[in-house]
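Undergrad: Here it is: the structure, laid out below.
Any read-out appearing in this document is the output of simple, stated calculations on the displayed coordinates, not a laboratory observation. This one's a predicted model, so the numbers in the text were calculated from it and none came from an experiment. A quick note on method: Cβ atoms are made from the backbone with ideal geometry, for glycine too, and the neighbour counts reach across all protein chains shown.
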């Protein structure tokens, strides 16, 4: 049986609380904490819209912003990773793509026991009881899910 606890981090104000819950679960399971952050894939966004030659002029600007953002994400993920006790540290990864799709792929490939995530993403829109990504993941993943409010 797997004892990996996957903590999905979006760098919202609740990220530390979510990580703390993942650490507690991993201790109880005598497992490891894997950290994952999914950054929206800029090229996917571009492909989903019809583009004009004028739009294409902005692609280098978008790409530069995206690369800067990935660097910032890596620094933030490194800070959170250091807060995990060394005996519980697993993998830390940043994936580009759609959050639901990428987290499901990771769980399928890595035999995760529990997914820990926030009830709402970084947008924190309280339109429903759960954020859309959280709701989709709770329905799709084959492992247990711990949702932190």
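Undergrad: Arrange 108, 34 by Cβ neighbour counts within 10 Å, fewest through most, would you?
TA: Values: 108 12, 34 24.
Placing the least packed residue first, the sequence is 108, 34.
Undergrad: Another question about this same structure. Give the order of 68, 3, 133 when sorted by the count of other beta carbons within 10 angstrom, beginning with the fewest.
TA: Values: 68 10, 3 16, 133 20.
Fewest to most other Cβ atoms nearby, the residues stand as 68, 3, 133.
Undergrad: Now a separate question. Modelling each spin label as a point 7 Å along the Cα-to-Cβ direction, I'd like the residue 140/residue 67 distance in nm, to one decimal.
TA: Simple spin-label model gives 3.0 nm for this pair.
Undergrad: Using the count of nearby Cβ atoms within 10 Å as a rough guide to exposure, how do 7, 95 rank from fewest to most? Walk me through the numbers on the way to the answer.
TA: Numbers: 7 29, 95 16.
Ascending Cβ contact count within 10 Å gives the list 95, 7.
Undergrad: For labels at residue 95 and residue 3 in the simple 7 Å Cα→Cβ model, what's the distance in nm?
TA: Result for the modelled spin labels: 2.4 nm.
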